[in-house]
Each structure stands twice: as structure tokens, then as C-alpha cells.
Amino acid sequence: MNTAISEPLVERCERVLSEAYSTRTLIGLSGQPTDVFPTGMTKEAGDALMKLVADERAGGFLEIGLGLGLSSLFLSLGVLQHHKSFEGLSLDPFQASGWDSVGIETIRRAGLDRHVRVEQEYSEFALPRLCGAGARFDFIFVDGGHLFDNVFVDVFYSIRLARPGSLIVLDDRWMPAVRRAAAFFVNNLGLIDESTPQGTPGHRFVILRVPHTITQRKWDHHVEF
Ligand SMILES: C[S@@+](CC[C@H](N)C(=O)[O-])C[C@H]1O[C@@H](n2cnc3c(N)ncnc32)[C@H](O)[C@@H]1O
């Protein structure tokens, strides 16, 4: 690790996170505070996400659902454990209209704006465009719209954007819509479910590994999920 470049960035990210969790607020573009919870990720979940990224030695990430920017900071800290520079991309159509641009401000205050690009676009429109452009990501975090069809579409395109053998991690495994969408891809496309048991730090995630070879299906293939 090149400490001259990455240490100040790491410290800055950690300071922003520490302030957010101690005050339980983050400041948006208007200068007004926004409550961290219930939208933002807990510190325990963030640490688990950071470890997943670091263990994969991911060199960048795609995030669907920037929100308050907390998960973006943990994803970045995970990458920075093994890489001095990186590119992340986070999608969220409601930053300006619904969130006072808190996520964008959080990324800026953490000094990550040179590394993490934010596109204020619906994932259902951005993801197929990224596929068409041949984009590939080492790690994908899905935390956007939580309806079944949102999650299904996000994972459908994420499989095409993920490097073979990499992880697609879905937040909020407690939600039936999230578990059911994941089950389709496990039962029908051969994604490997590496989710961890209740009581472990990463239990709130569905952790899917993209196999090197996706299951080839006949035209009438269907496995209940
Ligand atoms: C639970 S929040 C994400 C919280 C974030 N992970 C954090 O730690 O701060 C979900 C986010 O998904 C965004 N979202 C909803 N529908 C979306 C869509 N179709 N495409 C992309 N993002 C979407 C919302 O605006 C919201 O910011």
C-alpha cells in the first residue's frame, strides 16, 4: 500500500464515518442534518461489507443505491486495504430530489470524489447502458429499490457486469422480496449462495458468487424458486 497517498484518505473516511455514527446525522447540500437511521447502514454491517471487499481484493466497485453514502465509504475502505487508487460507481436517481444530496456530500467530505463517481440515474436505465459499454466490476453491492422486480432487474444486469468469480452482495436479506429474487438466480443460473448464518457479522447480506460459467439453459428451463 502506498501510505503517502492512501493513509490520509483512509483517515478522512474513518473520521467522516465516526462523526456520522456519533452524531447519528449527516449534512446534505442545504447544510441541514439528515438522520443516519433508518436509511443508512449500521457500523457493524459496514465493517462486514468492508471485510468482504478487502477479502476479495476487489480493485473497484459498483453500488446500486447511494443513499447517505455510508456504504460507499465502507466499500472504498475495503478497496483501499489493497489498492492505492481505484474507481467506484454509485447509482441513485433520488440524490437531489429525495436526499438533499447527502450521499454526494458524504463522498466529497471523505475526499472520495476523485474515486467514486455518482450517476443520478435509475439503475434499470443505467445498468443496461453499462452492459452495452462493456463495463466490468470486481464487486457489486445492490441496495437500491427493494421491491422484488427492482432487485431482480438489478441482479439480472449485475451478473453481466460482474467479473466471473466475483461477488454480488445484496443488502437486507431479512426482506422476502430480496431473498426471493436471489433464489431465482441461485436455482436457475447457478449463482453460488455464500451468505453467512444468523449471528455472523455479514448475516444481513445475501452474498452471491458469480460462477465462471453461467448455467446454460434450454428454452423451456425453469426451476421453482
Ligand atoms: C437503503 S438506501 C441506501 C443506503 C446506503 N447503502 C447507505 O448506506 O447510506 C436505498 C437507496 O436506493 C435508491 N434507489 C431507489 N430506487 C432506485 C433505483 N431504481 N435505482 C438506483 N437507486 C435507487 C434510493 O434513492 C435510496 O437512496
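The values are calculated or read from the model by the stated rules, or taken from the named source; none is laboratory data. Model, not experiment: these values are computed from the prediction. Cβ sites come from the backbone with ideal geometry, for glycine too, and all protein chains shown count toward neighbours. Quick note on the areas: whole protein, heavy atoms, side chains included, nothing else; ligands and nucleic acids left out. Shrake-Rupley method; radii C 1.70, N 1.55, O 1.52, S 1.80 Å.
Identify the residue in segment 122-149 that is closer than 25 Å to Val16 by Cβ and among the acidic types (Asp, Glu) and, among all such residues, is nearest to the ligand (Cβ to nearest atom).
Here the residue is Asp143.
Going through segment 98-121 one residue at a time, which ones are near the ligand (Cβ under 9 Å from one of its atoms) and surrounded by fewer than 17 Cβ atoms within 10 Å (Cβ to Cβ)?
Gly98, Glu121
Going through Gly134, Gly88, Gly111, Gly144 one at a time, which residue ends up being in a loop (DSSP other than H, G, I, E, B) and within 19 Å of Leu170 (Cβ to Cβ)?
Gly144
Just give me the residues in segment 204-225 being part of a loop (DSSP other than H, G, I, E, B) and out of contact with any helix residue (DSSP H, G or I) (no Cβ under 8 Å at 6 or more places or on another chain), in sequence order.
Of everything in segment 204-225, those that are part of a loop (DSSP other than H, G, I, E, B) and out of contact with any helix residue (DSSP H, G or I) (no Cβ under 8 Å at 6 or more places or on another chain) turn out to be Pro211, His212, Thr213, Gln216, Lys218, Trp219, Asp220.
Please enumerate the residues belonging to segment 168-200 that are within 16 Å of the ligand (Cβ to nearest atom) and either small (Gly, Ala, Ser) or out of contact with any Gly (no Cβ under 9 Å at 6 or more places or on another chain) (or both).
Scanning segment 168-200 gives Ile168, Leu170, Asp172, Arg173, Trp174, Met175, Ala177, Val178, Ala181.
Filter segment 108-126 for residues that are of a type in the set (A, V, I, L, M, F, W, C) and without any contact (Cβ under 8 Å) to a residue 40 or more places away in the chain and give the result.
Answer for segment 108-126, where residues must be of a type in the set (A, V, I, L, M, F, W, C) and without any contact (Cβ under 8 Å) to a residue 40 or more places away in the chain: Phe125, Ala126.
For segment 10-29, name all the residues that are open to solvent by 70 Å² or more (accessible area, probe 1.4 Å), touching a residue at least 24 places away in the same chain (Cβ under 8 Å) and not in a helix (DSSP H, G or I).
Answer for segment 10-29, where residues must be open to solvent by 70 Å² or more (accessible area, probe 1.4 Å), touching a residue at least 24 places away in the same chain (Cβ under 8 Å) and not in a helix (DSSP H, G or I): just Leu29.
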